[in-house]
Amino acid sequence: MSNATNQQTRTTGWLVAELHRIRDVLAVLPLPDETAAAAHRDLGEAESLLGDAEPDRRRLGGTLERLTLVLAASGALQHAGQALAGPLRTLADWVGEPARTIRQLLA
């Protein structure tokens with residue numbers, strides 16, 4: 001698939017797989033119940049948005065930002081390191097400008 005600038009872009013199937021990678025990592029982290037619930041809610045919302053024919057990158061960026069902030073506040077990003085940062089970075093790169101805060105948090 002190509003975008004407006006004729007660059008190769010990842011398919012949404014690949015992006016959903018990245019969400020599943022995050023979900024798998026969260027399954028083994030000792031997260032407080034509220035944090036786990038918020039993270040899984042955001043992952044579900046992101047997956048739903050990626051299921052749209054034309055995913056709304058701005059909304060997806062907001063959902064992923066909320067997820068990243070929750071994971072950062074809980075210490076999960078620091079604890080899991082690249083296992084979470086890698087998929088989040090991949091998703092943020094696809095979203096583009098609306099995910100700028102995510103890239104800053106992961107830097």
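What follows draws every value from the coordinates through simple rules; no lab data is involved. For clarity, every value in this text was computed on a predicted model and none was experimentally measured. With ideal geometry, Cβ positions are generated from the backbone for all residues, glycine too; neighbour counts draw on all protein chains shown.
Peptides 96-105, 64-73, 49-58, ordered by how many other C-beta atoms sit within 10 Å of their residues on average, highest first, read 64-73, 96-105, 49-58. Once both axes come from the Cα atoms, what is the angle between helix 33-50 and the longest principal axis of the chain, in degrees from 0 to 90, rounded to 10? Around 10 degrees separate the two axes. Note on ALA107 and ARG21: their simple-model spin labels are 2.2 nm apart, each label 7 Å out from Cα toward Cβ. For the chain, the calculated P(r) over all alpha carbon pairs, in 5 Å bins from 0 to the bin holding the longest distance, is 2, 13, 26, 27, 18, 9, 4, 2, 0 percent. From most to least packed by mean Cβ count within 10 Å, the peptides 89-95, 26-32 give 89-95, 26-32.
Would you mind checking the tilt of helix 12-28 against the longest principal axis of the Cα atoms of the chain, expressed as 0 to 90 degrees and rounded to 10? Between the helix axis and the principal axis of the chain, the angle is about 0 degrees. If the segment from GLU54 to GLU97 were pulled out straight at 0.36 nm per residue, it would be longer than the present Cα-Cα gap by 13.8 nm. Taking the C-alpha atoms only, the angle from helix 82-95 to the longest principal axis of the chain is near 30 degrees.
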